[in-house]
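The values are calculated or read from the model by the stated rules, or taken from the named source; none is laboratory data. Model, not experiment: these values are computed from the prediction. Cβ sites come from the backbone with ideal geometry, for glycine too, and all protein chains shown count toward neighbours. We work out accessible area using only protein heavy atoms, side chains counted, and drop any ligands, DNA or RNA first. Shrake-Rupley method; radii C 1.70, N 1.55, O 1.52, S 1.80 Å.
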Amino acid sequence: METWELNKEKKMVSLAGNDSSTIALGIYIFCVVIALIQVAYFLNFVIRRESVIDSKGLTSPFNVTLLGSILGIMLYSIFNILLIVLPASAIITHEVLRFLATISLVIMESSYMYYSYIRSKDVLRFHKPTLKMTQYLSVSAPVIFLFKIIASALFEFNSSPTSENRIVMKYLVIASLNLGGMLTSLFDTGLLISFIMYLRRTLNCGEIEEMKPEFRVIAWHGLVTCSICYLAVFDMSVVGLSIGFGGLALEDYSITALTAIFAWMMVMIMGVLIRMKVKLCEAKEDGKTHVVEEIKKRAKEAEESYVRQGNLSTQCKTVEVA
C-alpha cells in the first residue's frame, strides 16, 4: 500500500516531459484528428448518399450507435491528452479527467457493442447458439458498464486517499476493467464464430438465400473488427494487471502508453466499421440497380412477347382470308 501511494505521489505531475508520455501524446492527438475526419466523412456520407436509400438518415439505430462509438473514443483521447499536458494542480484535476475518460470509454464500448449486435443480427440468426449468447451479453452489458462508472467514481473521489478503502476502490476499478474485457471478448467470440460459420456455409453450400452481398460484407468486416478488438482487450488487460499486481500507478508512463495504443486500435475499428457502412450502401445500390434492370428486362420481354403474339394473330387472319 505504501509503495503504491508513494508511486502515485511521484506521478501526480504533468507527464509531458517523459519520452513514453510524449509518444502517447502524439498517438492521442493522431486519434483525435482521425476521429474528426471520420465524423466529417460519416456525416457527409449519411446526409448526401445514404439518406437517398434510407429515409431515417442520421436517426437510424445504426448511425446513432456508430456515431456514438466514434465520439466516445474521440472524447476518451481528448481527456487523456489533458491528463498528459495539464499539471495535477490544474483547475480540472486529474481525478475528474480520468472519470470523464471512463465515461467516454463506456459510451464507446456500449455503442460499439449495440451497433455490432444490431448490424450482425441477420448473420447471427444462421447460428442460433451464438445468437442467444450475444443477446444475453447485450442485456447484461449495461450492468457491467454501470459498475465500471461507479467503481471509477469511488476510486477517483474517495475522501480518504490514504485509507485502506482506496486500495479496495483500486481493485474494484481493476475488476470492472477485467469484467468489461471478458464481456467484450465473449461477445466478439460469438460474433467471430457466427461470421466464420456463415462464410463457410455460403462458400461450401452456395445456398442462394444465404448469398446476399450485404451479409458477406458484414461477415468479412466483422472478422477484422473482432480481431482488432481482441488485441485491444488484451492491451487493457495488461493495464489492469500492471496496476493490480505490478505496483504501477494510473499515472505511470507505461500505463499512459498502453492506453494510448488502445485508443489507436479502437480508432482503427471505427475506420473498418465506416468502410463496412460504405460497402453495405454500395451493395444495396447494386441490388436496387439489379432489381430495376430485372424489371426493365421482364417488361421488354413481355412487350416482345405481346408483339409476337400480335404478329402471329395477324398472320392467322391473313391465312383464313386467303
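Of note:
- Hey, S69 part of a helix (DSSP H, G or I), under 21 Å from W264 (Cα atoms) and touching a residue at least 12 places away in the same chain (Cβ under 8 Å) or not: yes
- Which listed residue, of F145, F126, is touching a residue at least 24 places away in the same chain (Cβ under 8 Å) and not in a helix (DSSP H, G or I): F126
- With respect to the stated conditions, F126 fails to be open to solvent by less than 20 Å² (accessible area, probe 1.4 Å) and either in contact with a His (Cβ under 9 Å, 6 or more places away or on another chain) or under 30 Å from F62 (Cβ atoms) (or both).
- Within segment 195-228, considering residues that are open to solvent by less than 30 Å² (accessible area, probe 1.4 Å) and either hydroxyl-bearing (S, T, Y) or outside any helix (DSSP H, G or I) (or both), the one modelled with the highest pLDDT: T225
- Members of segment 21-42 that are touching a residue at least 24 places away in the same chain (Cβ under 8 Å) and open to solvent by 40 Å² or more (accessible area, probe 1.4 Å): I23, I27, I29, F30, I34, L36, Y41
- Of all the numbered requirements in (1) in a helix (DSSP H, G or I); (2) closer than 26 Å to I261 by Cβ, M133 misses one, and that requirement is (2).
- Here the condition is being at pLDDT 50 or above and not in a helix (DSSP H, G or I); of L231, L241, L248, it holds for L248 alone.
- Selection from segment 97-116 of residues that are farther than 30 Å from L86 by Cβ and open to solvent by less than 30 Å² (accessible area, probe 1.4 Å): M113, Y115, S116
- Restricting attention to segment 72-96, the residues being assigned to a helix (DSSP H, G or I) and either more than 18 Å from L146 (Cα to Cα) or of a type in the set (D, E, K, R) (or both) number 13.
- Condition met for L58 (outside any helix (DSSP H, G or I), surrounded by 13 or more Cβ atoms within 10 Å (Cβ to Cβ), at pLDDT below 90 and at negative phi): no
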